[in-house]
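Undergrad: This is the structure I have questions about; it appears just below.
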Amino acid sequence: MTILVVNLFLPYTINFEVKTNRAATQNESQVPASVVENGSQMSLLSILPSVKESTNVPSSEPKGDGCFFTNSDKIGLRIETSLLQDPSLATFVAPNEPHSPAWGDTEYFTQPPLRALERLPPASVLQRESTAEHVQQHVAQKRSEATRSRRSSNYERALKTAKWTVQPAEKGNGGLRNAIYAASQKGDLPHVTWIGTISMPTDSLDEERKAEISEKLDTDFDSLVIYPKDSDFDGHYSHFCKIILWPILHYQVPDGPKSKAYLDHSWVYYVKINELFAEKIVKNYKRGDIIWIHDYHLLLVPKLIREKLPDAQIGFFLHVAFPSSEVFRCLAFRQELLEGMLGADLIGFQTQEYCHHFLSTCNRLLRAESLSHGVQLEDRFVDVGTFPIGIDPEIFRARQADLVVHHWLGRLERKYAGKKLIVARDKLDIRGIRQKLLAFEHLLSTHPELREDVVMIQIASSADAQAELDAKIPWIVSRINTNHSTLAHQPLVYLKKDLEYRHYIALLESTDVLMVTNLREGMNLAAHEYILSQNGAYGRKKHGCVILSEFIGNAAVFDKHDFIVNPWDVRQCAEAIHRALNMSEEEKRSQWEALHDVVLQKDAKCWIQSFMTSLTRAHDQHSRQHTGSIPRLRVDELASNYRKSNQRLFVLDYEGTLTSHGTPLSASFISPRRIIDTLTDLSTMQGNTVYVMSGRTIQELDIIFSCVPGLGLIAENGCLIKHPNQEWACLAALSETSKWKDSIQKMLEYYQERLEGSTINIRDCSIFFNTTKARDRQNVARLVGECTNQLNDACRNFKVHAVLCDGGLLIESVEFDKRSAAEWIFRGLKNGTIPDFLMVAGDAREDEAVYRWANELQEHKIIPRVCTVSVSSRNTEAMTTLTQGVTGVLSTLQKLASTKAD
């Protein structure tokens, strides 16, 4: 068995060894200026400008002269020399995607340039192709592309013959790589094969070079490469993912002319890349493989694979946040994205909040039945769960013990001796850098005594930066340093460049307060790294404090942490910093130990094991419940078991099983004579106890079955029960029911006014919102979905839920259902006699709980002969099916009624 880990970027990329002219290289942006200028990148030297001491500790700075960059020169920025012999060991050192360069750029490697893309749509959606202004822009763009093409032609020719090596990639999800690497090294995962791109433009590579790279990665690194066109990938990643999808998922609705113009244009590319991934997966899939797809770049892939591999085991995990339905519904392609995700057997999220948002969004936009643990589709069930990702403590400790880390830690402590360090590391997009700096400014203004004792270091990656934000931040930085600096002290260090990883670990270990106050994020593993870093590799313990935003996944993992703040509240954040800086050592130690325990418990290994266990269980259950794998009911065998039994119990659904479907308020109160006769024959036989369960009210059932002697009835899907020849009994307390019915009725009246012709029917234990006669048919689905979402959100404390059904919306208790009614019947049988034969027949989704109960009785050998039969074509937990529907059920019951006991 192989786990196919599908991610947009592979853990590996390619570095070419090319001799280039310095000026040409700078013009063509092949090697970034941070590497070319003075042969060094932004590092801790920027934080320590006055430190000039020499050392024998190996530096992680490049040693090239700027004209010839070898692999070992630049890879020194990323990993230790000891890892070069086995690049697979370096997969865990890549930073997370939030700090990765933009597509087509590279920080450390020599790679092909991004080929000229096809012309993007104009900035304004109202601008026509024929306008003179657009023609001039088009001509200027073509001239620029031609000039750039001439400059890069020599470089591309050099690449065709250049030597190349496989290196750990800059781009991608570092948390995922770390987790997979750690689990594989410890033997917790079977064979793993990665599928993705090599995170660089490839149009300039010929087919022979692509084949060489593919063979090398497949043979030595268990990685299957996908080669999209540069224009397709740029439209997918830089435009749809970054301009449209990423902001929506993080509660930032893109509303500019650029995003509107790019929407339809970039969606085409998003579909192309997802189809390319699906084709590669299907081509390399072997029966028994597990397909694990990751993140928002590939939301369509699960469905595309399911269509071609219906029996495949598919898991999907979303590493970022998932917004409420109010935000997600702003997407033009919302339905396609949701249906794409629902192709998986299991969908995982970082927190319960994101899980809940997804379920309510499916309920509202797809009108799918959403349960607490998944989504019920017409033909299958999709499990949904919460699996917070973590880091591997052993790998981090090994990195922390590096001599380079120890060296830079000493330099930092000498530089900032006597100072309190506050550190933050973010990307310049929607992470909340502005709010964080304003909070620090407020701290210095309200607590002037701290001005010369505190230093804040803000690291900001400028990849995909918002232009407006990129312009505002320097003004805030300048204002803080102007107003609060002294001759010997500058309170704010702002680095618009990410740090090399070992420098970053040293900075974490020396920090007193880490601020992870993002406006919205799935899970920020910097908090986990910081907590581990405070337990130093050389016996040094600092017990610093981490301040967390309440809008990121970490707040749910560290739910009892004292420093969870609203990042929009500048005053609260400032006071949290002040409180953290003035905590006693005992308080620091106590709160650190609590967080440290959580980090150790919910680590990368736990994340993978819990997801894989849930995926296997979900897939096995779905396979068993698929009607194609469930045998048909053998009536002769059923009759044989019937004859051998003395005490027999029947629990039979009414609508859809004994008679054709109807809404809960169908006016037909007369059953065909065949049904009445069959139930009469069955219920009057000695040793038989027969119950009919329905969603109808007690008044309706009394009218329908008044002429059937000795028949038991279950009304309103399990809330009310009538034992044979007895009065009705209510499982749910009517006093409790009246409390939520009044509140819900008021909410439904609002939608009743918007849907003329709809009615609200108050029943004993439930409410039915009937829309069959609503005149505005076009808006029924939208308003009912909106009503369902609102009711399920607002009425959770009442322990009721709204369920979409034929003809409207049913609001009923979640504590009482057909299963609870069946269990109550079983416990109350006369003289405590346990039946030795049980038959459950149904067709609806609410009947599944009764099938599960009956199967458990047989599994635990409480009842030796159990028959669960479904007459629907959907996946089911019933052990048998009847393809003849209502006719088949009645024929079977008539045969049993005419069978004599042995």
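The values are calculated or read from the model by the stated rules, or taken from the named source; none is laboratory data. Not measured: the values here are computed from a predicted model. Cβ coordinates were reconstructed from backbone atoms using ideal geometry, including for glycine residues, and neighbour counts include every protein chain displayed.
Undergrad: Among ALA312, ALA321, which is surrounded by 16 or more Cβ atoms within 10 Å (Cβ to Cβ), touching a helix residue (DSSP H, G or I) at 6+ places or on another chain (Cβ under 9 Å) and farther than 28 Å from GLY553 by Cβ?
TA: ALA312
Undergrad: Mind listing just one residue for me: the one in region 468-505 that is within 31 Å of the chain's Cα centre (by Cα) and assigned to a loop (DSSP other than H, G, I, E, B) and, of those, farthest from VAL454 (Cα to Cα)?
TA: Ranking the candidates gives GLU500 first.
Undergrad: Of all residues in region 766-806 being of a type in the set (A, V, I, L, M) and part of a helix (DSSP H, G or I), which is farthest from the chain's Cα centre (by Cα)?
TA: Step by step, filter region 766-806, then rank; the result is VAL780.
Undergrad: May I ask you to say which residue of ASP222, ASP188 is without any contact (Cβ under 8 Å) to a residue 40 or more places away in the chain and within 30 Å of THR613 (Cα to Cα)?
TA: Exactly one residue qualifies, and that residue is ASP222.
Undergrad: With respect to GLU856, determine if the residue is under 16 Å from LEU838 (Cα atoms), modelled with pLDDT under 90 and assigned by TED's automatic domain parsing to the domain that holds VAL840.
TA: Criteria not met by GLU856.
Undergrad: Checking the structure you have, find out if any residue of region 475-490 is surrounded by 18 or more Cβ atoms within 10 Å (Cβ to Cβ), modelled with pLDDT of 85 or more, in the same structural domain as VAL513 (by TED's automatic domain parsing) and of a type in the set (Phe, Trp, Tyr).
TA: Among the residues of region 475-490, not one is surrounded by 18 or more Cβ atoms within 10 Å (Cβ to Cβ), modelled with pLDDT of 85 or more, in the same structural domain as VAL513 (by TED's automatic domain parsing) and of a type in the set (Phe, Trp, Tyr), which makes the answer no.
Undergrad: Whether any residue in region 440-447 is of a type outside the set (Asp, Glu) and modelled with pLDDT under 90 is what I want to check.
TA: No, every residue in region 440-447 fails to be of a type outside the set (Asp, Glu) and modelled with pLDDT under 90.
Undergrad: On to the next question. Is there a residue in region 681-694 that is of a type in the set (D, E, K, R) and farther than 21 Å from ASP817 by Cα?
TA: The answer is yes, given that some residue of region 681-694 is of a type in the set (D, E, K, R) and farther than 21 Å from ASP817 by Cα.
Undergrad: With (1) touching a residue at least 60 places away in the same chain (Cβ under 8 Å); (2) under 20 Å from VAL423 (Cβ atoms); (3) of a type in the set (A, V, I, L, M); (4) in contact with an Asp or Glu (Cβ under 9 Å, 6 or more places away or on another chain) as the list, and ALA556 as the residue in question, which single condition is left unmet?
TA: If we test ALA556 against (1) touching a residue at least 60 places away in the same chain (Cβ under 8 Å); (2) under 20 Å from VAL423 (Cβ atoms); (3) of a type in the set (A, V, I, L, M); (4) in contact with an Asp or Glu (Cβ under 9 Å, 6 or more places away or on another chain), just (2) comes out false.
Undergrad: Separate question: Any chance you could count how many residues in region 749-775 are in contact (Cβ under 8 Å) with a residue 60 or more places away in the chain, out of contact with any Gly (no Cβ under 7 Å at 6 or more places or on another chain) and within 18 Å of LEU804 (Cβ to Cβ)?
TA: Residues meeting the conditions: 2.
Undergrad: Scan region 309-341 for residues that are among the charged types (D, E, K, R) and at pLDDT below 95 and jot them down.
TA: Once the filter is applied, which keeps residues that are among the charged types (D, E, K, R) and at pLDDT below 95, region 309-341 yields ASP311, GLU326, ARG329, ARG334.
Undergrad: Can you name every residue in region 156-210 that is among the acidic types (Asp, Glu) and at pLDDT 85 or above?
TA: Passing the criteria: ASP203, ASP206, GLU207, GLU208.
Here is a yes/no grid of residues against (1) within 25 Å of LEU444 (Cβ to Cβ); (2) assigned to a loop (DSSP other than H, G, I, E, B); (3) in the same structural domain as TYR501 (by TED's automatic domain parsing):
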site: ILE531; (1), (2), (3): no, no, yes
site: PRO567; (1), (2), (3): yes, yes, yes
site: GLU575; (1), (2), (3): yes, no, yes
site: HIS578; (1), (2), (3): yes, no, yes
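Undergrad: Among what's in region 872-889 and is under 21 Å from SER623 (Cβ atoms) and among the β-branched types (Val, Ile, Thr), pick the residue that is surrounded by the most Cβ atoms within 10 Å (Cβ to Cβ).
TA: THR876
Undergrad: Looking at (1) within 30 Å of ARG380 (Cα to Cα); (2) surrounded by fewer than 14 Cβ atoms within 10 Å (Cβ to Cβ); (3) modelled with pLDDT of 90 or more, find the lone condition where GLN609 falls short.
TA: It is condition (2) that GLN609 fails.
Undergrad: Moving on. Within region 402-451, how many residues turn out to be assigned to a loop (DSSP other than H, G, I, E, B), closer than 21 Å to LYS472 by Cβ and of a type in the set (Lys, Arg)?
TA: Here the count works out to 1.
Undergrad: Taking the conditions exactly as written (of a type in the set (Val, Ile, Thr) and loosely packed, with under 15 Cβ neighbours inside 10 Å), does ILE834 satisfy them or not?
TA: yes
Undergrad: Let me ask something else. Go through GLU394, GLU378 for me and flag whichever is surrounded by fewer than 20 Cβ atoms within 10 Å (Cβ to Cβ), of a type outside the set (Lys, Arg) and part of a loop (DSSP other than H, G, I, E, B).
TA: Of GLU394, GLU378, the one residue that is surrounded by fewer than 20 Cβ atoms within 10 Å (Cβ to Cβ), of a type outside the set (Lys, Arg) and part of a loop (DSSP other than H, G, I, E, B) is GLU378.
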